[in-house]
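Below you'll find the structure, written out as structure tokens, and then a few comments.
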Amino acid sequence: MAEDQLQAFLEKVRQLNAFVARSEADPQLREALRRCSHHQEVVALARQQGFEIGRRWGETDITAAGDGNLLGGPCPEPGAEKIEPLIAIAGLRLERIHSCEASSPTGFWYDQPEQEWVTLLQGSALIRFADEPDPQELNRGDSLLISAHRRHRVERTDRHPGTIWLALFWPPG
């Protein structure tokens, strides 16, 4: 581990420890923490208290696009996503999708005629399938194969710096 990575890791541990100490001393904060249902709610609560604990190991805070850098570019506005076609040839389509606190509209389900393979390059997301009772959480490095016409929706993506997806689409068969 390089020294700058070690220092970033140690600073996150210090921030986490300070947040834990404050939550143990403040019953209202402890109750607010208990009511959090997912990682991003904990990160937001910590941020309200002045602590930055959201960056996951190996993630950098990239705010400007680099030439060809899949992790580059500014985070979209909260609730939005930016779709960038990367390749479109002979029935294959590869897209980079950058989401920020995005979710599918109420009652909306994707029902795509194509197969889709998706992986998360950054952040996390909650995906719900119409044929499953519980949503699936995806984190950095996770991938998922979605069959053609399998109805699904995005329940949530991360706030700044957002969730970055790489999605490959192709016809069934």
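The values are calculated or read from the model by the stated rules, or taken from the named source; none is laboratory data. Note that the coordinates shown come from a computational prediction; the quantities given were computed from them, not determined experimentally. A quick note on method: Cβ atoms are made from the backbone with ideal geometry, for glycine too, and the neighbour counts reach across all protein chains shown.
When you look at Gly141, is it surrounded by 14 or more Cβ atoms within 10 Å (Cβ to Cβ), on the phi > 0 side of the Ramachandran plot and within 17 Å of the chain's Cα centre (by Cα), yes or no?
When the stated conditions are applied, Gly141 does not pass them.
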Inset, instruction - Please go through the stretch 1-50 and pick out each residue that is touching a Leu at 6+ places or on another chain (Cβ under 8 Å) and of a type in the set (Val, Ile, Thr). - result: Val42
Legend entry - Among (1) surrounded by fewer than 17 Cβ atoms within 10 Å (Cβ to Cβ); (2) within 26 Å of Arg47 (Cα to Cα) - the single one Tyr110 does not satisfy: (2)
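Using the structure shown, decide if Glu137 is in a strand (DSSP E or B) and of a type in the set (Asp, Glu). Let's see the steps before the verdict.
On the way: in a strand (DSSP E or B): yes; of a type in the set (Asp, Glu): yes.
So Glu137 passes the test.
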Legend entry - Single residue of the stretch 71-129 satisfying the filter (of a type in the set (D, E, K, R), assigned to a loop (DSSP other than H, G, I, E, B) and over 12 Å from the mean Cα position of the chain (by Cα)) that is modelled with the lowest pLDDT: Glu77
Inset, instruction - Select from the stretch 32-51 the residues that are touching a residue at least 24 places away in the same chain (Cβ under 8 Å) and not in a helix (DSSP H, G or I) and write down the one among them that is nearest to the chain's Cα centre (by Cα). - result: His38
